[in-house]
Amino acid sequence: MNAQTIANGLKGYVSEVAMAVDVAREAVTFEVSDTATAYVGLSERRADRPDRDLMLIWSERHGWAIAVETEPDRAAYLGGEDPVPEPAEVARFVAEVIGGDGRGQARPQFAITGDRDRLAGRLARYIST
């Protein structure tokens, strides 16, 4: 599989995640270079930090995380074994962290660096026809 499959699949996947967390497409970006990454600007804020914007970020190395825009190194990771979890699972994670019911994980649980074929296979189902 190639970078184009990853790019097309990531575009569809991130779009579905954005819909699941009720974010407009204008607040979504992604990139496939030496590492595939995505960014979703969240419209909601945590009650304990109402003055700080949140971002939902994804990387092929660590999966999904939520971070404060000005403090990206202090992220809460979704975790799990799948770097491409279902959009509904990502939406639950976002709701839990924003609602204060969940803190996520302080560190990611996995890294799939270098396994681009596996990543492409996971993302291929999100390619729109």
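The values are calculated or read from the model by the stated rules, or taken from the named source; none is laboratory data. Quantities reported herein were computed from a predicted structural model and do not represent experimental measurements. Cβ sites come from the backbone with ideal geometry, for glycine too, and all protein chains shown count toward neighbours. These accessible areas exclude ligands, DNA and RNA; they are computed on the full protein's heavy atoms, side chains included. Shrake-Rupley method; radii C 1.70, N 1.55, O 1.52, S 1.80 Å.
Share of the chain's accessible area from carbon and sulfur, percent, 1.4 Å?
Working: 3290 of 7180 Å².
That share works out to 46 percent.
For the pair residue 117 and residue 52, what calculated FRET efficiency results from E = 1/(1 + (r/R0)^6), where r is the Cβ-Cβ distance and R0 = 41 Å, to the nearest 0.05?
For residue 52 and residue 117, the calculated efficiency is 0.60.
Which whole-number value in Å³ per residue fits the convex hull of the alpha carbons of the stretch 11-72?
Numbers: hull volume 5.6 nm³, N = 62.
Convex hull of Cα atoms, per residue: 90 Å³.
For Cα pairs less than 8 Å apart in space and 6+ apart in sequence, what is the mean separation divided by the residue count of the chain, i.e. the relative contact order in percent? Write down the numbers at each step before the final one.
Numbers: 236 pairs, mean separation 38.8, N = 129.
RCO, the chain: 30 percent.
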